[in-house]
2 protein chains.
Amino acid sequence: MEIKDTIALLKSRGYRITPQRVAIIRILRDHEGHPGAEEVFRSAIQVYPNISMATVYNVMEVLEKEGIIRAIAVSKNSRRYDSNVKPHGHFICDNCGRVFDIPMKYYEACMKELPIELTDFEVRSLELIYKGTCSDCKKKPL
Amino acid sequence: MEIKDTIALLKSRGYRITPQRVAIIRILRDHEGHPGAEEVFRSAIQVYPNISMATVYNVMEVLEKEGIIRAIAVSKNSRRYDSNVKPHGHFICDNCGRVFDIPMKYYEACMKELPIELTDFEVRSLELIYKGTCSDCKKKPL
DNA sequence: GTATCTGCAAATGTTTTGCACTCCA
DNA sequence: TGGAGTGCAAAACATTTGCAGATAC
């Protein structure tokens, strides 16, 4: 999604367009991988030296709630964000922590596979998470 | 798996069989749902009033490492444990936090669906996580 | 006997909160 | 101008760690 479309969406939902929010949206769009809050903060502070982690978390929460980004629970205490909200899976390397996108062929099928007794459930998201060791980490002896 | 088999397995891997470990294994076997560390602790303390959270975490880590249980990242700071290690997915209710087991028909297929550029990756686990609202929570107005 | 395990308390790291100030609409 | 948003510092929270003493084998 274009930055101006994201901003228009937020505006239409009653959010104020602050420079910090715009900066973070831009950072996420320009970021290659799957940054965590800390990483977003480090980029944001270059633009707004006074920005705080609280604001980063605040903005990320808004963006997630509005479906503009997706949060990935990588491990016990660390979440990463993905600005690609189209259905796909993730491979998380237990060693280096990097996150890789994986296609998700069976998305539609998985969305329909809730057993009968759970038909009243409302599914809002579906996550497919592979964990293991990436090829780079496999090469390193330790 | 039978309790005595679990114990035999741990013993064969060089772990000591302490009464705390046996108690926790028993608690997990008797537990219906998907308890968190706190819940396991509350049960364990009935049997061993001196047991500490550190021990619970220690035991859970051993059990997870040895493939006896599975950890599920429910949300930012909360993990649940599942003593059913056969491939299946989970539905997590965003409202009440309960975890429901979901069959996973495409497990084998998903395990094989890594794209060519990721063929050197070693997959150790696969998680399918549905999130949304369970039927009970949908009934309650708020 | 001794290396592993436990229990305690303190530390860690991430995320959240309270509150005064700021600034977008 | 007024209320949503920010920044700060402190709090909250689950989880981890260091270490002395206990204990399985």
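In this structure, is A:E113 facing chain B (nearest Cβ under 10 Å) and closer than 20 Å to B:V74 by Cβ?
When the stated conditions are applied, A:E113 does not pass them.
Residue by residue, here is whether (1) in the same structural domain as B:D30 (by TED's automatic domain parsing); (2) touching a residue at least 24 places away in the same chain (Cβ under 8 Å); (3) surrounded by 15 or more Cβ atoms within 10 Å (Cβ to Cβ); (4) charged (D, E, K, R) holds:
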position: B:C93; (1), (2), (3), (4): no, yes, yes, no
position: B:M104; (1), (2), (3), (4): no, yes, yes, no
position: B:M111; (1), (2), (3), (4): no, no, no, no
position: B:L114; (1), (2), (3), (4): no, no, yes, no
position: B:T119; (1), (2), (3), (4): no, no, no, no
position: B:C134; (1), (2), (3), (4): no, yes, yes, no
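Does A:N77 meet the test of being away from DNA strand D (no atom under 16 Å from the Cβ) and within 23 Å of B:D94 (Cα to Cα)? Quick ask: steps written out before the conclusion?
Working: away from DNA strand D (no atom under 16 Å from the Cβ): no; within 23 Å of B:D94 (Cα to Cα): yes.
Considered against the rule, which asks whether it is away from DNA strand D (no atom under 16 Å from the Cβ) and within 23 Å of B:D94 (Cα to Cα), A:N77 comes out as no.
Has the range A:59-71 got at least one residue that is within 9 Å of DNA strand D (Cβ to nearest atom) and either touching a residue at least 60 places away in the same chain (Cβ under 8 Å) or surrounded by 13 or more Cβ atoms within 10 Å (Cβ to Cβ) (or both)?
yes
Need the failing condition index for A:I92 against (1) facing chain B (nearest Cβ under 10 Å); (2) of a type outside the set (F, W, Y); (3) farther than 21 Å from B:S75 by Cβ, just the number.
(3) is the only condition that A:I92 fails.
Just one of (1) of a type in the set (A, V, I, L, M); (2) closer than 24 Å to B:S75 by Cβ; (3) within 16 Å of DNA strand D (Cβ to nearest atom) trips up A:I27, so point out which.
(2)
Residues A:C96, A:C110: which one is within 30 Å of B:K105 (Cβ to Cβ), away from DNA strand D (no atom under 14 Å from the Cβ) and modelled with pLDDT under 90?
Step by step, each of A:C96, A:C110 is checked, and only A:C110 is within 30 Å of B:K105 (Cβ to Cβ), away from DNA strand D (no atom under 14 Å from the Cβ) and modelled with pLDDT under 90.
Quick one: B:I68 ticks every box in (1) within 27 Å of A:Y81 (Cβ to Cβ); (2) assigned by TED's automatic domain parsing to the domain that holds B:R16; (3) of a type in the set (A, V, I, L, M, F, W, C) except a single one, so which number is it?
(1)
When you go through (1) in the same structural domain as B:K131 (by TED's automatic domain parsing); (2) under 29 Å from A:L118 (Cβ atoms) one by one for B:S43, which number turns out not to apply?
(1)
I need the full set of residues from the range A:47-57 which are loosely packed, with under 15 Cβ neighbours inside 10 Å and either closer than 22 Å to A:H90 by Cα or at pLDDT 95 or above (or both), in order please.
First pass over the range A:47-57, keeping only residues loosely packed, with under 15 Cβ neighbours inside 10 Å: A:47-50, A:52-54, A:57.
Passing the criteria: A:S52, A:M53, A:A54, A:Y57.
The values are calculated or read from the model by the stated rules, or taken from the named source; none is laboratory data. None of these values were measured; they are calculated from a predicted model. Neighbour counts run over all protein chains shown; Cβ positions are idealised from the backbone, glycine included.
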